[in-house]
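As structure tokens, the structure follows; a few thoughts come after it.
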Amino acid sequence: MKLVKGVFTISMLFLVFSSVAVAGDFEWMRDFNIRAEVDPSGFRARLAARFQVGDLQIRTVLSNVEKPADAYMVFRLGEMSGRPAPYVVEQYKANRGKGWGVLAKSLGIKPGSREFHALKRGQDLYEGNHGGKGKGKGKGKGRK
């Protein structure tokens, strides 16, 4: 009986810590949602400019996801995978609750790939979190 309790306890600890680790991968989404909810029209304008989509498509995606960051991820995953937003929304609904890694993988974005790491690092709509941009040594184009 003690062995069963021990195995159960270890299993539960593993589950809790692995959930926290996965949630931490996309920690930027919490702050992103706050900013988007404070200024919804500005958020829609940023989406339109960033992904070159119209307001109707943005409203359609927003009406099919839970949070603003989810809408951003739909457009971003569509861009990365070459799939249209309605297809990504279908996959989002089919894989609801399984995590962004599962959704990305279902769209052909491999876990561990450069694209997937870019998703985990952040977004590119708001200043201060540009998906890893600007972390180099400043020796990019035009620099000596």
Please enumerate, by chain and number, the aspartates and glutamates with C-alpha under 20 Å from the C-alpha of LYS67, excluding those fewer than 8 residues away in the same chain. ASP25, GLU27, ASP31, GLU37, ASP39, ASP55, GLU79, GLU90, ASP124, GLU127
If ARG76, ARG114, ARG121 are placed from fewest to most neighbouring beta carbons inside 10 Å, the sequence is ARG114, ARG121, ARG76
Separation in nanometres of the label points that stand 7 Å from Cα toward Cβ, at GLN57 and GLU79: 1.2
Among TRP28, TRP100, which comes first, then next, by fewest other beta-carbon atoms within 10 Å? TRP28, TRP100
Stretched fully, the stretch from SER113 through ARG50 gains (0.36 nm per residue minus C-alpha distance, one decimal, in nm) 20.4 nm
May I ask you to sort GLU66, GLU79 by Cβ crowding, counting other Cβ atoms within 10 Å and putting the fewest first? GLU66, GLU79
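Each value in this text was obtained by applying a stated rule to the coordinates, not by laboratory testing. Bear in mind the structure is a predicted one, so any value in this text is a computation, not a measurement. Positions of Cβ are generated from backbone atoms using ideal geometry, with glycine treated the same way; all protein chains shown enter the neighbour counts.
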